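The values are calculated or read from the model by the stated rules, or taken from the named source; none is laboratory data. What you see is a predicted model, and the numbers here were worked out from it, not measured in a lab. Heads up, the Cβs are rebuilt from the backbone with ideal geometry, glycines too, and the neighbour counts pull from every protein chain shown. Accessible surface areas use protein heavy atoms only, side chains included; no ligands, DNA or RNA. Shrake-Rupley method; radii C 1.70, N 1.55, O 1.52, S 1.80 Å.
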Amino acid sequence: MTVRTRFAPSPTGFMHVGGVRTALFAWLVAKHADGEFILRIEDTDRSRHVEESDRHIIESLSWLGITADEGPARQSERLDMYKEWANKLVAAGRAYADPYSPEELDGFRQAAQAAKKPFLFREHRPADPPQWKGGLPLRFKSEPTAYEWQDAVLGELSAGPETVDDFILIKSDGYPTYNFAHIVDDHLMSISHVIRSQEFLPSVPKFLNLYEALGIDFPVLATLPYVMGPDGKKKLSKRDGAKDILDYKREGYLPEALISFLATLGWNDGTEQEIFTVDELISKFRLDRVQHSGAKFDEQRLLWVNGHFIRQKPPGELYELADGFWPASAMDADSGYKKAVLELVQERLKYLNELPGLTSFFFEEPNARDIKALFDNPVDKQLKNLDKAQLKQLLEAVKDSLEHSDFSQADIESRLNELLQKLNSKPGILFAAVRIAVTGAKASPQLFGTLAVLDKAKSLLRINQAIDALAA
Ligand code: GLU
């Protein structure tokens, strides 16, 4: 049997990590088994359809490298097929035109509530339904059955006959419901594994009933636990700040980092390993190692994983990726200079959009007001005990020493360390003062490299300017 999985999103808005993780798990199951992965756009709910999201889904998956072997197929282009299968059910006496108005259905529901009974459509089947010619919804005539089935993630499951009820197959607008269309499609597309979110689990008994009525063997069913919001209490949703997946692209996250992060949202390989390459995931991923409870979405962890993948990048590749993320002031800068700057910050870069904040002082003069504010109120506690005259003295000593330097990183380092001894100062004082003078920033890449890349002229000029500012 060829393993064939699918991702079947409804185009109702942008994709966020929840949807993408479902796609990734389905893709990994297929690739692990050397099988096929199919993309199917479930666009039959015309009222919720968002035009842009079709393209968004395709772009998101393509950015992440979750490539489909077939598709995208669109359900809205397959209406004849659903009608054909619906007519089979009509012919077999397993579907009927639903003549009730929404108000009448509401009445039934309220009556059940008043009688403290669960509401079941099948208790209100019309005695003599009109012939179905479209126009009216077509409803499935279920046969209440108790089920036991195997879920590839959750294991043995069961449900009583009360969970099986009549449901709509084709709506009055002629479009099929998800409940019907996905079963027909999964069958016609020879899907071997249906891998989907937990929200569909309560509907499985009625799906099983429909498979039976259609004479279709049902595929392997796998239920993925929710991705939970950061508080771990609620399913992650757009309302709770789940971001458009392409925002991560815009902010300079690496696709391989997102893949590794998403794969471990609710899955592990049985070891402590936390970061995986795509190839490792393909060889290791198994549905029976997907956890049963919700997986908490932790943005800090994503940052950590992304930082890891950034550090792993060969500098040349990272430089290509950084295109478009530099501060505006870097526009005319020399590429050799930018490469040197990038290598310096690579160690601490968490995502590429941090580049302007971390590197702008390499391309433009730091703001004199920022420098003054930092000296007035230094983050480095030890600096607080020095008055302006003492700071000025320190910087003058630095200037005198660096004036004779060849400005290699090693020479700068040895000179400043020597000075540290000579002045009986501390890194938290001497180096902090130099950093403020030269960068005007609270934090910077390591100091000696920063000075070397910046070059002798710029570094000394800035130290001089800081001395002047402290004298003023
Ligand atoms: N269209 C459904 C959704 O977007 C797909 C569920 C499934 O994978 O069957 O949630």
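Which members of the range 427-440 meet the condition of being touching a helix residue (DSSP H, G or I) at 6+ places or on another chain (Cβ under 6 Å) and either of a type in the set (Phe, Trp, Tyr) or open to solvent by 30 Å² or more (accessible area, probe 1.4 Å) (or both)?
Step one: filter the range 427-440 for residues touching a helix residue (DSSP H, G or I) at 6+ places or on another chain (Cβ under 6 Å), giving 428-440.
Answer for the range 427-440, where residues must be touching a helix residue (DSSP H, G or I) at 6+ places or on another chain (Cβ under 6 Å) and either of a type in the set (Phe, Trp, Tyr) or open to solvent by 30 Å² or more (accessible area, probe 1.4 Å) (or both): Phe431, Arg435.
Filtering the range 142-158 down to residues that are open to solvent by 20 Å² or more (accessible area, probe 1.4 Å) and among the aliphatic types (A, V, I, L, M), which residue is nearest to the ligand (Cβ to nearest atom)?
Residue satisfying both the conditions and the ranking: Ala152.
Just checking, does the range 243-253 include any residue being within 18 Å of Lys350 (Cβ to Cβ), charged (D, E, K, R) and over 10 Å from the mean Cα position of the chain (by Cα)?
Taking every residue of the range 243-253 in turn, at least one turns out to be within 18 Å of Lys350 (Cβ to Cβ), charged (D, E, K, R) and over 10 Å from the mean Cα position of the chain (by Cα).
Taking the condition of being within 12 Å of the ligand (Cβ to nearest atom) and either touching a Lys or Arg at 6+ places or on another chain (Cβ under 6 Å) or not in a helix (DSSP H, G or I) (or both), how many residues in the range 30-48 meet it?
First pass over the range 30-48, keeping only residues within 12 Å of the ligand (Cβ to nearest atom): 38-45, 48.
Right, trim to either touching a Lys or Arg at 6+ places or on another chain (Cβ under 6 Å) or not in a helix (DSSP H, G or I) (or both) and you get 38-45.
Matching residues across the range 30-48 total 8.
Quick check on my filter: what residues within the range 163-188 are among the hydrophobic types (A, V, I, L, M, F, W, C), within 11 Å of the ligand (Cβ to nearest atom) and either open to solvent by 20 Å² or more (accessible area, probe 1.4 Å) or in contact (Cβ under 8 Å) with a residue 40 or more places away in the chain (or both)?
Filtering the range 163-188 for residues among the hydrophobic types (A, V, I, L, M, F, W, C) gives 164, 167-170, 180-181, 183-184, 188.
Retained after the next criterion (residues that are within 11 Å of the ligand (Cβ to nearest atom)): 181, 183.
Answer for the range 163-188, where residues must be among the hydrophobic types (A, V, I, L, M, F, W, C), within 11 Å of the ligand (Cβ to nearest atom) and either open to solvent by 20 Å² or more (accessible area, probe 1.4 Å) or in contact (Cβ under 8 Å) with a residue 40 or more places away in the chain (or both): just Ala181.
Kindly list, by first and then second residue, each pair from a residue in the range 6-32 that is over 13 Å from Val227 (Cα atoms) and of a type in the set (Val, Ile, Thr) to a residue that is open to solvent by 10 Å² or more (accessible area, probe 1.4 Å) and away from the ligand (no atom under 13 Å from the Cβ), limited to pairs with Cβ atoms under 6 Å and residues at least 6 apart or on different chains.
Note: no pairs meet the criteria.
Check off (1) loosely packed, with under 15 Cβ neighbours inside 10 Å; (2) in contact with a strand residue (DSSP E or B) (Cβ under 7 Å, 6 or more places away or on another chain); (3) touching a residue at least 60 places away in the same chain (Cβ under 8 Å) for Arg289 and give me the number that stays unchecked.
Failing condition for Arg289: (3).
Given the residues Ile191, Ile216, which is the only one that is surrounded by 15 or more Cβ atoms within 10 Å (Cβ to Cβ), more than 21 Å from the chain's Cα centre (by Cα) and away from the ligand (no atom under 14 Å from the Cβ)?
Ile216
Report those helices (runs of 4 or more DSSP H) wholly inside the range 215-324 carrying at least 2 residues which are over 27 Å from Leu154 (Cα atoms) and basic (Lys, Arg).
Numbers: elements: 245-250, 255-263, 278-284, 299-312, 315-322.
Per the criteria, 245-250.
Taking the range 1-29, which residues are within 14 Å of the ligand (Cβ to nearest atom) and part of a helix (DSSP H, G or I)?
Gly18, Gly19, Val20, Arg21, Thr22, Ala23, Leu24, Phe25, Ala26, Trp27, Val29
Residues of the range 306-349 being within 11 Å of Ala257 (Cα to Cα) and in contact with a Leu (Cβ under 8 Å, 6 or more places away or on another chain), which ones?
Asn306, Gly307, Phe309, Ile310
Since Gln390 meets every condition but one in (1) open to solvent by 60 Å² or more (accessible area, probe 1.4 Å); (2) in a helix (DSSP H, G or I); (3) touching a residue at least 24 places away in the same chain (Cβ under 8 Å), which condition does it not meet?
Gln390 satisfies all of (1) open to solvent by 60 Å² or more (accessible area, probe 1.4 Å); (2) in a helix (DSSP H, G or I); (3) touching a residue at least 24 places away in the same chain (Cβ under 8 Å) except (3).
Exactly one of these conditions fails for Leu89: (1) within 16 Å of the ligand (Cβ to nearest atom); (2) in contact with a Leu (Cβ under 9 Å, 6 or more places away or on another chain); (3) under 30 Å from His49 (Cβ atoms). Give me its number.
Status for Leu89: all satisfied but (1).
Of everything in the range 53-69 that's in contact (Cβ under 8 Å) with a residue 12 or more places away in the chain and of a type in the set (D, E, K, R), which residue is surrounded by the most Cβ atoms within 10 Å (Cβ to Cβ)?
Of the residues in the range 53-69, the ones in contact (Cβ under 8 Å) with a residue 12 or more places away in the chain are 53-54, 56-61, 63-69.
The next check asks that each one be of a type in the set (D, E, K, R); those that pass are 54, 59, 69.
Details: Asp54: 16, Glu59: 14, Asp69: 14.
Top of the filtered list is Asp54.
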